[in-house]
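J.: Can you read through this structure? Questions will come right after.
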Amino acid sequence: MFGVMRKTAHHHHPTMPGTQQPLLVLLGYLLIWDFPGGFGSYRRSSSICTLIPRSMALCHDIGYTEMRLPNLLDHETMAEAIQQSTSWLPLLARECHPDARIFLCSLFAPICLDRLIYPCQSLCKAVRNSCAPVMACYGYPWPEILNCNKFPEDHELCISSITDESAPSRRMPQASCRDCELEEPNSPKEILENLCTNDFAVKIRISRKNKTSTIADFDLDSRLEVLKHGPLLKTETHSKLQQWLNLDATCVHNIMRGTNTGVYLICGEVQNDKVVVVNKAYAWHKRNRNLQAAVRRWKHYKCRA
């Protein structure tokens with residue numbers, strides 16, 4: 001995954017939500033004057049405009065319908081562009097930056113204007129700074145073909161960042177390298193041992209606040225059932241878990257599995273700066289007898305030293 005020039009086929013990928021930025025809004029971020037220099041001549045006499053096919057999941061429904069070929073990564077055929085773009089879907093599923101899709105599609109499926117428009121350096125750097133660490137977790141460096149210094153500076157004709165990261169209320173999600181997933185509660189004893197080995201255990205209800213933006217935004221119900229608080233003070237448990245929801249986008253995304261609301265039993269560790277890290281999560285269902293039995297037995301269960 002995360003390939004630009006590799007031709008490895010991928011058959012199973014998460015479906016990415018379409019961006020809600022309409023074409024006019026996207027064009028609003030394009031500067032309209034000419035400028036001298038290496039990026040001043042974008043016309044390609046051999047380029048063609050073509051519809052973005054539904055099979056290009058990365059960029060279909062991005063906000064415009066036509067793209068140019070060859071694209072800005074020198075993919076000459078639609079088949080090659082689709083194959084290469086597909087390998088980036090797992091990165092978008094990590095929700096590492098809200099503008100990652102716009103940045104990638106500006107290269108894989110450049111908008112069909114009278115010239116090719118590159119992404120600005122600032123857009124490239126914002127996406128790189130958030131997403132490159134995630135790629136590094138899996139042994140993929142940020143590719144040289146996406147070297148941000150190759151792109152125009154912000155005062156030139158280019159696509160700039162849409163997300164205002166300087167806004168005081170803006171907290172960029174931090175994708176995790178851990179593949180946090182829902183666990184299958186195979187036996188009450190296994191669940192009890194997991195509760196013992198972790199710092200805290202809490203039954204929580206998570207709801208997705210927005211259903212349209214690229215980055216999911218989740219809310220924590222004010223009612224918590226704390227089975228084990230560990231080093232967390234009772235008064236700070238809710239705020240620390242809400243912080244986890246805000247920052248560990250990857251883990252929350254995997255736990256929710258595309259649902260809009262759910263009840264979960266989560267357990268994890270508390271780091272030195274009291275940052276919560278979730279290690280295990282179970283979906284709470286009344287019909288799940290193993291989970292129900294473990295919670296009932298927990299008050300009297302003695303953990304092994």
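J.: So how many residues does the range 152-169 have that are modelled with pLDDT of 80 or more, out of contact with any Asp or Glu (no Cβ under 7 Å at 6 or more places or on another chain) and of a type outside the set (A, V, I, L, M, F, W, C)?
T.: 5
J.: Return the total of residues in the range 61-89 being in a loop (DSSP other than H, G, I, E, B) and surrounded by fewer than 17 Cβ atoms within 10 Å (Cβ to Cβ).
T.: Summing the residues that are in a loop (DSSP other than H, G, I, E, B) and surrounded by fewer than 17 Cβ atoms within 10 Å (Cβ to Cβ) in the range 61-89 gives 5.
J.: Here's another thing I want to ask about it. Determine, yes or no, whether residue 274 is surrounded by 12 or more Cβ atoms within 10 Å (Cβ to Cβ), within 13 Å of residue 229 (Cα to Cα) and not assigned by TED's automatic domain parsing to the domain that holds residue 96.
T.: Here the answer is yes, as residue 274 does meet what is asked.
J.: Within the range 288-300, does at least one residue satisfy the condition of being surrounded by 15 or more Cβ atoms within 10 Å (Cβ to Cβ), among the small types (Gly, Ala, Ser) and at negative phi?
T.: Within the range 288-300, one or more residues are surrounded by 15 or more Cβ atoms within 10 Å (Cβ to Cβ), among the small types (Gly, Ala, Ser) and at negative phi.
J.: Quick check on residue 277: is it among the aliphatic types (A, V, I, L, M), in contact with a helix residue (DSSP H, G or I) (Cβ under 8 Å, 6 or more places away or on another chain) and within 16 Å of residue 208 (Cβ to Cβ)?
T.: No.
The values are calculated or read from the model by the stated rules, or taken from the named source; none is laboratory data. This structure is a prediction, so every number in the text was calculated from the model and none was measured. Counting neighbours? That spans all protein chains shown, and the Cβs are built from the backbone with ideal geometry, glycine included.
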